[in-house]
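Following: one structure in structure tokens, then a few remarks.
The values are calculated or read from the model by the stated rules, or taken from the named source; none is laboratory data. Predicted model only: the values in this text are computed from it and were never measured. Cβ atoms come from the backbone with ideal geometry, glycine included; neighbour counts cover every protein chain shown. Quick note on the areas: whole protein, heavy atoms, side chains included, nothing else; ligands and nucleic acids left out. Shrake-Rupley method; radii C 1.70, N 1.55, O 1.52, S 1.80 Å.
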Amino acid sequence: MINKELTVFRRVNEAISHAPDVSAVAGALLDIVIDETSAENASIMMPSRDSSRLEIKAAKGAGDRRFRYSEDSLGNAFPMGTGIAGRVAQTRKAIVIPDASKDPLFQSLAMKIQVGSLLSMPLVYGKKELVGVLNLSHPRARGFGKRDMDLVKALLPPAALALRNARTMREMGDINAILKADLSMTDQAVDEFGRNIFRIFTCMSMGVLTSDPDGRITAANRKATGLLGLESGDSIASLLGEGVLLDLKSETREMTLDVERGGRVLSLEIATLPMKSSRQILVCVRDVTLERFKERELVRIKDQYKDMVENALDAMYIIKGGRLLLTNRKFQEMLGYGQDEITGRHFRRFITRDTITALKNSLRHQTGNVFVPNLEIQSRRKDGQNLYLEISIGRLVIDGENCYIGVVRDITSKKELLALKTRFLHVASHEIRVPLTVIRGYARMLAREAHTCLSPGQRENVQEIEDQCEKLLHFSNSLLDFAKINAETLTLHRQTVGSRDYLGAIARNMAIGIRDSRVKVALRGCESVPELYVDPIRFEQAVCNLIHNAIKHSPEGGTVTVSLERGIPDLNAMNRLLNRECAVITVLDEGPGIRAEEARELFSDFYVGTSGRAKGGIGLGLSITKEIVHAHGGSVEARPSDSGGCFVITIPLNSEDD
């Protein structure tokens, strides 16, 4: 590879020797590209004289004996910023298209050659001066390898220098020819030439003035007079300041100043011109009011967002390349580190080994922009204390590199309280189940002898005992489910299921169990979401809780409607930012509706709504549903309504194939 680069540099040096013949230099550069890379066709595009568009100046194919060159254009001309080459010229950044047939940027424009892959590289002299655009194509997709890319990148700077030198030398030759012709003009012609130059000076779109070393204006065009309100004979001392004038009088130098004049911001580009008689000061004036306003607004918005992040109530972070790029004050206080101790350090330093595994499992099968909410992890403070944290992770792909942003909350105290509550619930559930088992056993013994030994009233009492035992056992099972979820023993075994068959089976099973209530369960939709990626058993429990709740509040003969559709929830800002689609499951009933003040509280532990008290609810079904849905990375909400309850489950469409 080094030998190749040396060969390229040697041949570029030979190309430079062709200056000022621009066509010869361009042809030599195309020969190098065709000979040393995999390119089958190459062309050089250069800006037009008014710099408004790109023109194809030189082109060559691998089968051509000679290159083609034209001072006008060999083919189509592209406005700056339009097309692939136009974008490259405008942004000064290369565009690589591995497969032209699949890339929306590529437009064939009825080309005579077949293009499978394309490289469009800017030829830039220095930092900003655009010399041209070098285009390489291959008829086969992915026709260029890493070696070609490295070789072309090494070629670009000397090639830009060679073309610019050739063009500059040619222009200097043209100017010399013009000057020679001018010197041979008669006095009358010289006077006419001077008048023409003065007309051009007067009508220039940029303001230009000259002054003597003391700041007295000797000449000013119309634009400068309009912008500054100064004419020949006026002083620019008040405009520039005495200190600037003294500096310009003492030495030859250039500078740029911004001044405010008449409510506008003017940019002054100042230079001293060493004339034979005395120095002259040249001032070019531009109105940059709009440009400076945009710059100030950009800085203001940037500072505003920085303040919002820094002073946010929640801890926030940005990770790039595995290292913490930005954290706010709350994040630093939470972990006990200073900003200098966190910024630039790898995130693994601040979390436990089990957390690293959990993060890998959450993100392993997901590509592109994703969002993972409500993920519980363990972290270590600087003083060694372990913390339980709830984090959200949003992944954005920027310039081909993954960046992670999110919010962190300290839930250590919450976890400790949940642990106490879980132990209590385990004990309470056990203490309830033991006597219930005994009572139900005796009730069933009595029921077997009911027809021979018991009166009708006694048989009703025995049946009531059995019914109440079943209710209490259901309550005990709910307590156990709730305790398992809060004890972090809820493990999901996700798999892909067909949405219509899966939800249809749930609806049929619920309908079979409620025949006596004469409430119908109907399934709608499912076409837009053919598959769901869930734990079939746990997610069925969550959906069944909602359907059971809807049946309980529906009138006799009513209908409970379950529907599934695809969408981006308006309430989730991160999903909107990442354009993340979700599966939306809606359960509608024809009951009394949901009050606005109760909608949020319905999912709280042991909360029973106004209508639920009359139905004998214990306030755990919806709470368990919320935890199961959150474990799937989703959310559940109750929507207020005066007639009919509406519950909505939203889960991200995160399968292995996403």
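The table below gives the values:
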| item | result |
| --- | --- |
| Residues of segment 404-455 classified as more than 28 Å from Gln378 (Cβ to Cβ), outside any helix (DSSP H, G or I) and at pLDDT 75 or above, total | 1 |
| Per-region count, segment 321-336, residues more than 24 Å from the chain's Cα centre (by Cα), surrounded by 14 or more Cβ atoms within 10 Å (Cβ to Cβ) and farther than 13 Å from Val309 by Cβ | 3 |
| Close pairs from segment 545-565: first in a helix (DSSP H, G or I), partner open to solvent by less than 20 Å² (accessible area, probe 1.4 Å) and among the aromatic types (Phe, Trp, Tyr), Cβ under 7 Å, at least 6 apart | Leu546/Phe647 |
| Any hit, segment 49-59, residues being out of contact with any strand residue (DSSP E or B) (no Cβ under 7 Å at 6 or more places or on another chain), over 20 Å from Ala26 (Cβ atoms) and open to solvent by 20 Å² or more (accessible area, probe 1.4 Å) | yes |
| Of all residues making up segment 11-22, the number that are at pLDDT 75 or above, assigned to a helix (DSSP H, G or I) and open to solvent by 30 Å² or more (accessible area, probe 1.4 Å) | 1 |
| Members of segment 544-567 that are within 33 Å of the chain's Cα centre (by Cα) and not hydroxyl-bearing (Ser, Thr, Tyr) | Leu564, Glu565, Arg566, Gly567 |
| Considering residues of segment 128-151 that are under 26 Å from Glu71 (Cα atoms) and open to solvent by 30 Å² or more (accessible area, probe 1.4 Å) only, the residue modelled with the lowest pLDDT | Lys128 |
| Failed item in (1) surrounded by fewer than 13 Cβ atoms within 10 Å (Cβ to Cβ); (2) small (Gly, Ala, Ser); (3) at pLDDT 85 or above, with Ala573 passing the rest | (3) |
| Selected residue [touching a residue at least 24 places away in the same chain (Cβ under 8 Å), at negative phi and either crowded, with 19+ Cβ neighbours inside 10 Å or more than 34 Å from the chain's Cα centre (by Cα) (or both)] from Gly63, Gly75, Gly86 | Gly86 |
| The one condition in (1) out of contact with any Lys or Arg (no Cβ under 7 Å at 6 or more places or on another chain); (2) of a type outside the set (Lys, Arg); (3) within 20 Å of Gln385 (Cα to Cα) that Tyr337 fails to fulfil | (1) |
| So Arg515, is it at pLDDT 75 or above and of a type in the set (Lys, Arg) | no |
| Residue list for segment 329-347, restricted to those being basic (Lys, Arg) and either touching a helix residue (DSSP H, G or I) at 6+ places or on another chain (Cβ under 6 Å) or within 17 Å of Asp314 (Cα to Cα) (or both) | Arg329, Lys330 |
| Tally of residues being β-branched (Val, Ile, Thr) and part of a helix (DSSP H, G or I) across segment 309-335 | 1 |
| Within segment 234-265, considering residues that are of a type in the set (Val, Ile, Thr) and under 42 Å from the mean Cα position of the chain (by Cα), the one surrounded by the fewest Cβ atoms within 10 Å (Cβ to Cβ) | Thr256 |
| Complete set of residues in segment 493-510 that are part of a strand (DSSP E or B) and in contact (Cβ under 8 Å) with a residue 40 or more places away in the chain | Gln495, Thr496 |
| Hits in segment 620-643 - residues which are under 21 Å from Pro555 (Cα atoms), at pLDDT below 85 and of a type in the set (Gly, Ala, Ser) | Gly621, Ser641, Ser643 |
| Test: Ser117 is at pLDDT 80 or above and within 24 Å of Ala162 (Cα to Cα) | no |
| Checklist (1) farther than 27 Å from Glu416 by Cβ; (2) over 24 Å from the mean Cα position of the chain (by Cα) applied to Asp307, failing item | (2) |
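This table checks each residue for (1) more than 42 Å from the chain's Cα centre (by Cα); (2) outside any helix (DSSP H, G or I).
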site	(1), (2)
Ser205	no, yes
Pro213	yes, yes
Gly226	yes, no
Ser267	no, yes
